[in-house]
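Novice: First the structure, then my questions, so here it is.
The values are calculated or read from the model by the stated rules, or taken from the named source; none is laboratory data. Keep in mind that what you see is a predicted model, and the values were worked out from it rather than measured. Heads up, the Cβs are rebuilt from the backbone with ideal geometry, glycines too, and the neighbour counts pull from every protein chain shown. These area figures cover heavy atoms from the full protein model, side chains too; ligands, DNA and RNA do not enter into them. Shrake-Rupley method; radii C 1.70, N 1.55, O 1.52, S 1.80 Å.
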Amino acid sequence: MTSTQQRAVLQRQIWQIANEVRGSVSGWDFKQYVLGTLFYRFISENFVNYIEGGDDSINYAELDDEVITPEIKDDAIKTKGYFIYPSQLFSNVAADANTNESLNTHLAKILTEIEASASGYASEPNMNGLFADFDTTSIRLGNTVKDKNSRLAAVLKGVAGLDFGDFEDNHIDLFGDAYEFLIGNYAANAGKSGGEFFTPQHVSKLIAKLAMHKQTSVNKIYDPACGSGSLLLQAKKHFDAHIIEDGFWGQEINHTTYNLARMNMFLHNINYDKFNIQLGNTLTDPHFGNDKPFDAIVSNPPYSVKWIGSDDPTLINDERFAPAGVLAPKSKADFAFVLHALNYLSSKGRAAIVCFPGIFYRGGAEKKIRQYLIDNNYVESVIALAPNLFYGTSIAVNILVLSKHKTDTTTQFIDASGEDFFKKETNNNVLTDAHIERIMGIFDSKEKIDHIAETVPFEKIRENDYNLSVSAYVEPKDTREVIDITQLNAELKTTVAKIDRLRAEIDAIVAEIEG
């Protein structure tokens, strides 16, 4: 199947599962069960592939748990980061789901034991609490055990019915596409801003390409507000594995999304020793201070969220914020995320950050931070994107590209918001591969393109009061109809002559009638 066909099949099957549990589980909660089950199936199949090692004479799913020696278990956990007994495999649990009267508690026990298998091993931090949001005993599944089991069985059977071969051989990002479909269908109804938790794959691809542009290798890639990890994983998807030497790093404040990000790493065959996702508030409790700098940083932080800011007097002395001499406003933390990323960026790297447009022209503290960024020559490019690219918001966002290795003091402004830079779809606009490549070509060349791109010297930005809005430097195309005055006057003259002649003829007729 092509990627389009696979995606259509996936969406149809998820919708069938949703219909089976509709009325009992809200869309937003249902999302957790589908994604958790997808993950459970993946790690089961991935583990079986590891154990069997391509030996057709071994069928791990049919073995008795008792034949597993402590040495086999120990070696597997050191390699894969977790252990699953044959009886605990997704395929065996799904096969008996309709007849297992203790399905909900049985599955809860299995998931707990898979997590606990990493206890005392290097992978423990990456496995701890991984299934916390996949609560198989929750009242959300139904009031009775029978109801819970019935709905769990429907989800298990539905996910078991996905027939795309090996996960890693799919033309699509199975987990990402499932998440995107569920977010698109349920985020608005649930009253939650899906855009805070998920960056659409096409936008993620552009951001990853910007951060990785012309870097033959990076030490590691980092997202300070990583959500479900989609931005980090686009870097893996579009670049050879060896280019990212030490792996994928991220921090996330939302516990549910933090678990999804860790699942997403495993789902994309990133071993536990090649990713480090931490839970916490990046602005007030940052991780990885001893692991920086990072050669590539990607981020879509929440837009204009409140933070403690100046209410914490110690923050102005924080090495991330002190150089700017001012903190981001308490009501708008956008520039706090920008300064954090800048502090974590290496001297050879780039950071590509999705930003709310208002931060580029407002006054006060935000203007002072812009002045700091420009005076120190950190801003390589500001790119205006089309509206309605994200779930949960129609805002036309910008991408801010930061660099510490610029060879001149100019800043590039790109207006990629026009109809030539996106494709209209039913609910949201999308960036096609052709749009992404066009933007990347403009970014790379730094050439002037009328109505699309301008490369502006430092002095002009300073004279313009450090305004970094794209519209302040890229003149929009005049789409008004061009009128030829000479031709218009000639046409008017002809029309007036016709009117005069008609009036004369009417006057003559009236005179004849009256005479």
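Novice: So if I check each of 94, 76, which one is closer than 20 Å to residue 161 by Cα, out of contact with any Pro (no Cβ under 6 Å at 6 or more places or on another chain) and part of a helix (DSSP H, G or I)?
Specialist: From the options 94, 76, the qualifying one is 94.
Novice: Hey, residue 97 hits all of (1) farther than 25 Å from residue 59 by Cα; (2) in contact with a Lys or Arg (Cβ under 7 Å, 6 or more places away or on another chain) but one; which does it fall short on?
Specialist: Of (1) farther than 25 Å from residue 59 by Cα; (2) in contact with a Lys or Arg (Cβ under 7 Å, 6 or more places away or on another chain), only one is false for residue 97: (1).
Novice: Additional query: Could we say that residue 362 is at pLDDT 95 or above, of a type in the set (Lys, Arg), surrounded by 19 or more Cβ atoms within 10 Å (Cβ to Cβ) and more than 18 Å from residue 438 (Cα to Cα) here?
Specialist: It is false that residue 362 is at pLDDT 95 or above, of a type in the set (Lys, Arg), surrounded by 19 or more Cβ atoms within 10 Å (Cβ to Cβ) and more than 18 Å from residue 438 (Cα to Cα).
Novice: In addition: Could you list, in sequence order, the residues of segment 428-465 that are closer than 16 Å to residue 410 by Cα and in contact with a Gly (Cβ under 9 Å, 6 or more places away or on another chain)?
Specialist: Within segment 428-465, just 465 meets the criteria.
Novice: On to the next question. May I ask you to list the residues in segment 309-362 that are of a type in the set (Gly, Ala, Ser), out of contact with any Lys or Arg (no Cβ under 6 Å at 6 or more places or on another chain), closer than 16 Å to residue 376 by Cβ and free of Cβ contacts under 8 Å to residues at least 60 places away in the same chain?
Specialist: 322, 324, 325
Novice: Could you check how many residues of segment 112-145 are small (Gly, Ala, Ser) and not in a loop (DSSP other than H, G, I, E, B)?
Specialist: 1
Novice: Look through segment 74-100, keep the residues that are open to solvent by 60 Å² or more (accessible area, probe 1.4 Å) and among the charged types (D, E, K, R), and return whichever of them is nearest to residue 158 (Cα to Cα).
Specialist: Ranking the candidates gives 96 first.
Novice: Give 495, 426, 432 a once-over and let me know the one that is under 31 Å from the mean Cα position of the chain (by Cα), modelled with pLDDT of 85 or more and not aliphatic (A, V, I, L, M).
Specialist: Answer to the selection: 432.
Novice: Would you pick out the residues in segment 107-154 that are over 17 Å from residue 256 (Cβ atoms), within 30 Å of the chain's Cα centre (by Cα) and not aliphatic (A, V, I, L, M)?
Specialist: Result: 112, 123, 124, 125, 151.
Novice: Follow-up question, since we're still on this one. Out of 382, 401, 397, which single residue is β-branched (Val, Ile, Thr) and buried (at least 24 other Cβ atoms within 10 Å of the Cβ)?
Specialist: When all the criteria are applied, what remains is 382.
Novice: Please work out which residue is farthest from residue 364 (Cα to Cα), limiting yourself to segment 298-319 and to residues that are over 24 Å from the mean Cα position of the chain (by Cα) and surrounded by 19 or more Cβ atoms within 10 Å (Cβ to Cβ).
Specialist: It comes out as 315.
Novice: Pick from 295, 291: which is among the acidic types (Asp, Glu), touching a residue at least 40 places away in the same chain (Cβ under 8 Å) and open to solvent by 40 Å² or more (accessible area, probe 1.4 Å)?
Specialist: 291 is the lone residue from the list that is among the acidic types (Asp, Glu), touching a residue at least 40 places away in the same chain (Cβ under 8 Å) and open to solvent by 40 Å² or more (accessible area, probe 1.4 Å).
Novice: Follow-up. Is it true that residue 99 is closer than 18 Å to residue 35 by Cα and β-branched (Val, Ile, Thr)?
Specialist: In short, no.
Novice: Would you confirm whether or not segment 446-462 contains a residue that is open to solvent by less than 30 Å² (accessible area, probe 1.4 Å) and either assigned to a loop (DSSP other than H, G, I, E, B) or touching a Leu at 6+ places or on another chain (Cβ under 8 Å) (or both)?
Specialist: Yes, there is a match, as at least one residue in segment 446-462 is open to solvent by less than 30 Å² (accessible area, probe 1.4 Å) and either assigned to a loop (DSSP other than H, G, I, E, B) or touching a Leu at 6+ places or on another chain (Cβ under 8 Å) (or both).
Novice: Which condition from (1) open to solvent by 60 Å² or more (accessible area, probe 1.4 Å); (2) modelled with pLDDT under 95 is the one that residue 106 breaks?
Specialist: Of (1) open to solvent by 60 Å² or more (accessible area, probe 1.4 Å); (2) modelled with pLDDT under 95, only one is false for residue 106: (2).
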